[in-house]
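> My structure is below; once you've seen it, I'll send some questions.
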Amino acid sequence: MIHKSYSISLSNLNQAEVPLAYFKNINLNQQAIVLAADVGGTKTHLALYQVKDGQLFQLKEKKYRTKEQPSFIDMIYNFHPKKSPVIDSICTGVAGPVINNKVQGVNLPWEINGDEIGKELKMDAVTLLNDMEANAYGLAALKETDFKTLQKGADVPGNAVIIAPGTGLGEVGLYWDGTHYLPFASEGGHCDFCPRNDLEIDLWKYMHQSYQHVSWERVLSGPGIYDIYTFLIQKKGQMVPEYLQQQIQSGHPAAAITQAAMEGKDMVCKEAFDLFTRFLSVEAAQLALKMKATGGIYIGGGIVPKIIEGMDLSIFNRGFIQSGRMDELLRLVPVKVILNDKAALLGASLYGAAQLGK
């Protein structure tokens with residue numbers, strides 16, 4: 001008996017923001033079992049899907065703490081013991097650059113090698129994608145209620161972009177060829193952070209002492225929120241409140257800081273939160289210009305969907321429309337937050353199913 005806790009059909013997919021029909025070679029016509037994975041620096045999400053009669057049914061799912069697992073293959077065996085049922089295809093979205101079907105992400109404790117997984121499991125259809133590519137394909141499986149609009153923009157067909165702060169900073173492009181979207185991976189999160197005023201220059205200097213290379217990922221990530229807060233505390237010569245220090249030491253500093261900011265408990269936390277918001281808007285605008293992304297900017301990842309209701313959107317709007325002669329172009333760009341945290345998992349399942357039809 002198929003457990004229909006989550007299913008998507010072709011008709012549902014075609015109602016999405018980026019319809020399934022806009023992606024080449026993605027269909028659900030095969031009968032297959034697909035294992036999909038979303039591997040990040042903090043957590044790994046596994047799910048098993050059955051493709052049947054043009055629909056994708058989720059059979060089971062489980063989340064793991066990435067750094068607590070000895071290897072990815074051990075995680076697979078823990079999640080899905082051999083031959084129960086036989087898997088036809090595996091597609092894994094991984095946070096890091098995928099080269100020759102293997103990846104060692106900067107925030108991962110081990111390498112993932114798709115060819116070795118295939119040999120171990122005696123199967124050919126094992127594909128690794130950059131996790132942001134998986135997110136891009138996952139847009140086809142989402143509905144209007146899975147998005148929050150920050151800027152309506154205009155209906156101008158064109159390229160699109162996803163930016164996703166989490167443990168690191170993911171970025172991906174979707175090239176529009178006139179009829180279809182072609183997602184392509186990027187490591188743009190590791191490009192240089194660009195300060196725009198004296199405070200941000202001081203922040204760059206502070207972070208340069210620790211990291212030498214100060215990338216956008218250093219400020220637009222969970223660790224980045226904590227670094228921004230620590231910088232502000234030191235610059236102001238203040239002490240971290242005892243209650244906040246205890247929460248930070250519990251192992252979730254970014255969550256503690258953003259929570260204190262949203263609840264109005266601490267003004268330094270609020271300032272750090274607002275800086276994070278500004279940096280998000282600036283880098284989103286830069287991506288929009290580099291990609292001429294009139295098809296939209298989508299904001300995902302493990303942070304923004306959780307805190308969007310507490311963000312000062314006036315700060316985001318001012319930071320996004322702040323590129324001088326290109327402001328009119330930026331006003332055309334729809335900006336939306338992806339609220340569904342299964343986007344990458346769904347994208348991996350769709351891509352994994354498509355590999356069986358080749």
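> Which of the residues spanning region 228-253 are loosely packed, with under 13 Cβ neighbours inside 10 Å, part of a loop (DSSP other than H, G, I, E, B) and in contact (Cβ under 8 Å) with a residue 24 or more places away in the chain?
Within region 228-253, just Q238 meets the criteria.
> Determine, yes or no, whether N101 is surrounded by fewer than 21 Cβ atoms within 10 Å (Cβ to Cβ), at positive phi, in contact (Cβ under 8 Å) with a residue 24 or more places away in the chain and not assigned by TED's automatic domain parsing to the domain that holds A285. Quick ask: steps written out before the conclusion?
On the way: surrounded by fewer than 21 Cβ atoms within 10 Å (Cβ to Cβ): yes; at positive phi: yes; in contact (Cβ under 8 Å) with a residue 24 or more places away in the chain: yes; not assigned by TED's automatic domain parsing to the domain that holds A285: yes.
The answer is yes for N101.
> Restricting to region 72-107, name every residue that is outside any helix (DSSP H, G or I) and more than 25 Å from A164 (Cα to Cα).
Kept after step one, since they are outside any helix (DSSP H, G or I), are these residues of region 72-107: 80-107.
H80, P81, K82, K83, S84, P85, V86, I87, D88, S89 - these are the residues of region 72-107 that are outside any helix (DSSP H, G or I) and more than 25 Å from A164 (Cα to Cα).
> Still on this structure, please answer the following. In the list A288, A353, which residue meets the criterion of being in contact with a helix residue (DSSP H, G or I) (Cβ under 8 Å, 6 or more places away or on another chain), surrounded by 18 or more Cβ atoms within 10 Å (Cβ to Cβ) and small (G, A, S)?
Values: A353 fails: in contact with a helix residue (DSSP H, G or I) (Cβ under 8 Å, 6 or more places away or on another chain).
Of A288, A353, the one residue that is in contact with a helix residue (DSSP H, G or I) (Cβ under 8 Å, 6 or more places away or on another chain), surrounded by 18 or more Cβ atoms within 10 Å (Cβ to Cβ) and small (G, A, S) is A288.
> Further question on the same structure: Scan region 263-291 for residues that are more than 21 Å from W216 (Cβ to Cβ) and part of a helix (DSSP H, G or I) and report the count. Talk me through it step by step, then tell me what you get.
First, pick out the residues of region 263-291 that are more than 21 Å from W216 (Cβ to Cβ): 263-270.
Next, only the ones that are part of a helix (DSSP H, G or I) stay: 267-270.
The qualifying residues number 4.
> If you don't mind, another one. Does S281 satisfy the condition of being under 20 Å from A261 (Cα atoms), without any contact (Cβ under 8 Å) to a residue 12 or more places away in the chain and small (G, A, S)? Walk me through it before giving the result.
Values: under 20 Å from A261 (Cα atoms): yes; without any contact (Cβ under 8 Å) to a residue 12 or more places away in the chain: no; small (G, A, S): yes.
Taking the combined requirement at face value, the residue does not satisfy it.
> I'd like to check something: does region 254-262 contain any residue that is in a strand (DSSP E or B), touching a Lys or Arg at 6+ places or on another chain (Cβ under 6 Å) and either at pLDDT below 95 or farther than 19 Å from T42 by Cβ (or both)?
Of all residues in region 254-262, those in a strand (DSSP E or B) come to none.
No, every residue in region 254-262 fails to be in a strand (DSSP E or B), touching a Lys or Arg at 6+ places or on another chain (Cβ under 6 Å) and either at pLDDT below 95 or farther than 19 Å from T42 by Cβ (or both).
> What do you reckon, is I315 touching a Ser or Thr at 6+ places or on another chain (Cβ under 7 Å), surrounded by fewer than 21 Cβ atoms within 10 Å (Cβ to Cβ) and outside the structural domain of G54 (by TED's automatic domain parsing)? Please lay out each step first, then the result.
Details: touching a Ser or Thr at 6+ places or on another chain (Cβ under 7 Å): yes; surrounded by fewer than 21 Cβ atoms within 10 Å (Cβ to Cβ): yes; outside the structural domain of G54 (by TED's automatic domain parsing): yes.
Considered against the rule, which asks whether it is touching a Ser or Thr at 6+ places or on another chain (Cβ under 7 Å), surrounded by fewer than 21 Cβ atoms within 10 Å (Cβ to Cβ) and outside the structural domain of G54 (by TED's automatic domain parsing), I315 comes out as yes.
> Still on this structure: Just for region 168-190: of the residues that are touching a helix residue (DSSP H, G or I) at 6+ places or on another chain (Cβ under 6 Å) and in a loop (DSSP other than H, G, I, E, B), which one is surrounded by the most Cβ atoms within 10 Å (Cβ to Cβ)?
Selected residue: G168.
> Answer with yes or no whether I307 is more than 13 Å from the chain's Cα centre (by Cα), surrounded by fewer than 18 Cβ atoms within 10 Å (Cβ to Cβ) and not charged (D, E, K, R). Quick ask: steps written out before the conclusion?
Working: more than 13 Å from the chain's Cα centre (by Cα): yes; surrounded by fewer than 18 Cβ atoms within 10 Å (Cβ to Cβ): no; not charged (D, E, K, R): yes.
No; evaluated as a whole, the condition is false for this residue.
The values are calculated or read from the model by the stated rules, or taken from the named source; none is laboratory data. Not measured: the values here are computed from a predicted model. We place every Cβ from the backbone using ideal geometry, glycine too, and count neighbours over all the protein chains shown.
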